[in-house]
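Participant: Below: one structure in structure tokens.
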Amino acid sequence: MKRGLLSVFVSVVFLFASIGAGYAAQWANPDLLVAPDVVEKNISKPDWVVIDCRKLEDYAKGHIPGSISIGKNCKKALRDGTSRAFDDASKYEKLLSKIGIGNTTHVVVYGDLKTKSLDDATVAFWVLEYIGHDKVHVLNGGLEAWTAAGKKLDTAPTMKQPAAFKAKVVKGRYASTDEVLKIAKGQAKGVQLIDARTKGEHEGDDIRALRGGRIPHTDINIPHTDTYDKKKDPATGKDVPTSFLSHETVAKFYEKLDKSKRTIGYCQTGTRSTLTYLELRLLGFKEPANYDDSWTVWGNAVNKGYPVEDEQWIDLSRIKSLEDDVKKLKEKLEKTEGEKK
């Protein structure tokens with residue numbers, strides 16, 4: 001082969017190798033995330049519904065034109081904070097049908113960083129996937145991405161025509177306490193467990209239940225906000241999370257895990273770990289799930305035999321002391337205000 005042709009051949013091979021590498025380093029399920037332009041292009045279509053997952057008062061102050069509110073933030077609207085179990089899919093069928101979502105409807109959910117409602121959007125994503133909706137998307141970057149793209153907000157509410165939704169529950173997307181207990185006791189093999197809480201919670205230093213610590217046989221701690229893209233805060237010079245997810249950032253956190261294994265995320269209330277679930281889906285994990293009971297059930301159960309690593313107990317006497325200090329401070333402030341009058 002002549003030198004010129006050889007050079008061209010090598011260049012072509014290198015080009016295709018580069019293209020292949022570029023495609024390989026992408027999401028396995030990229031359609032789960034959508035950009036503002038996609039939302040703008042489709043939001044007026046009858047088979048698209050965009051849900052603002054923030055509180056109603058935030059929706060009223062300004063939202064994506066054509067998006068709807070379901071009256072509450074999605075965490076409260078789509079989950080029972082007391083019982084936590086999803087034992088009745090019919091309530092979702094009624095709700096989704098009422099707000100215009102059918103089985104063939106594309107649903108986009110969004111929140112924003114300002115009101116700390118990004119996990120409201122991922123809760124909605126997980127719940128909808130759990131009940132079998134297969135056309136759910138998350139607006140990557142949330143409302144900040146929309147406004148950063150120069151797109152306007154609206155204050156006029158939108159209502160959709162009712163539709164018909166029939167749930168087809170995918171049980172594998174939900175992890176029960178019984179299942180997690182088997183993992184903790186070493187009775188369930190080949191299952192990966194991810195703690196989406198902060199490092200302090202994971203190590204038992206930050207206690208948000210009667211007990212602090214982590215579930216035994218937890219494979220890795222991936223604090224959920226760590227997986228967002230970062231930017232420099234001009235005021236402090238520190239890296240702060242944005243509301244965007246990129247493959248380049250997210251994949252690094254999960255690179256030591258086996259995508260072919262069932263993988264379960266947990267946190268304090270099963271809320272932050274819905275972002276874990278979304279990321280597992282984006283990366284192509286075979287059987288991802290969310291442990292909805294999470295630490296609020298596990299850490300507060302004293303006599304049920306739920307083991308804890310690095311177990312620390314909350315100091316109730318310290319809480320009583322802090323309450324007394326607050327009471328004294330309140331009385332002092334009231335006395336001071338009275339003297340001023």
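Participant: Scan region 274-316 residue by residue and report those that are open to solvent by 30 Å² or more (accessible area, probe 1.4 Å) and part of a helix (DSSP H, G or I).
Facilitator: Of everything in region 274-316, those that are open to solvent by 30 Å² or more (accessible area, probe 1.4 Å) and part of a helix (DSSP H, G or I) turn out to be 281, 296, 297, 316.
Participant: Only residues in region 30-58 that are among the hydroxyl-bearing types (Ser, Thr, Tyr) count as the first member; pair them with residues that are open to solvent by less than 70 Å² (accessible area, probe 1.4 Å), Cβ under 7 angstrom, at least 6 apart or cross-chain, and list the lot.
Facilitator: 44/66
Participant: Here's another thing I want to ask about it. Hey, can you tell me all the residues within region 143-171 that are part of a loop (DSSP other than H, G, I, E, B), small (Gly, Ala, Ser) and either open to solvent by less than 50 Å² (accessible area, probe 1.4 Å) or touching a residue at least 60 places away in the same chain (Cβ under 8 Å) (or both)?
Facilitator: Listed by number, the residues that qualify are 149, 156, 163, 164, 167.
Participant: Please tell me if residue 88 is open to solvent by 30 Å² or more (accessible area, probe 1.4 Å), acidic (Asp, Glu), out of contact with any Pro (no Cβ under 7 Å at 6 or more places or on another chain) and part of a loop (DSSP other than H, G, I, E, B).
Facilitator: yes
Participant: For residue 252, are the conditions met, namely being over 22 Å from residue 134 (Cβ atoms), part of a helix (DSSP H, G or I), open to solvent by 30 Å² or more (accessible area, probe 1.4 Å) and not acidic (Asp, Glu)?
Facilitator: Criteria met by residue 252.
Participant: Pick from region 91-131 the residues that are small (Gly, Ala, Ser) and either open to solvent by 40 Å² or more (accessible area, probe 1.4 Å) or touching a helix residue (DSSP H, G or I) at 6+ places or on another chain (Cβ under 9 Å) (or both): which of them is modelled with the lowest pLDDT?
Facilitator: Residues of region 91-131 small (Gly, Ala, Ser): 97, 100, 102, 111, 117, 121, 124.
Still in the running and either open to solvent by 40 Å² or more (accessible area, probe 1.4 Å) or touching a helix residue (DSSP H, G or I) at 6+ places or on another chain (Cβ under 9 Å) (or both): 102, 111, 117, 121, 124.
Values: 102: 98, 111: 97, 117: 93, 121: 97, 124: 97.
Ranking the candidates gives 117 first.
Participant: Between residues in region 230-242 that are closer than 18 Å to residue 112 by Cα and without any contact (Cβ under 8 Å) to a residue 60 or more places away in the chain and residues that are of a type in the set (S, T, N, Q) and not in a strand (DSSP E or B), which pairs lie under 9 Å by C-beta distance while being six or more apart or on different chains?
Facilitator: From residues that are closer than 18 Å to residue 112 by Cα and without any contact (Cβ under 8 Å) to a residue 60 or more places away in the chain, the pairs are 230/242; 230/249; 231/242.
Participant: Oh, and also: Taking the criterion of being surrounded by fewer than 19 Cβ atoms within 10 Å (Cβ to Cβ) and part of a strand (DSSP E or B), would at least one residue in region 181-198 satisfy it?
Facilitator: Checked region 181-198: at least one residue is surrounded by fewer than 19 Cβ atoms within 10 Å (Cβ to Cβ) and part of a strand (DSSP E or B).
The values are calculated or read from the model by the stated rules, or taken from the named source; none is laboratory data. This structure is a prediction, so every number in the text was calculated from the model and none was measured. Glycine gets a Cβ as well: all are built from the backbone with ideal geometry, and neighbour counts include every protein chain shown. We work out accessible area using only protein heavy atoms, side chains counted, and drop any ligands, DNA or RNA first. Shrake-Rupley method; radii C 1.70, N 1.55, O 1.52, S 1.80 Å.
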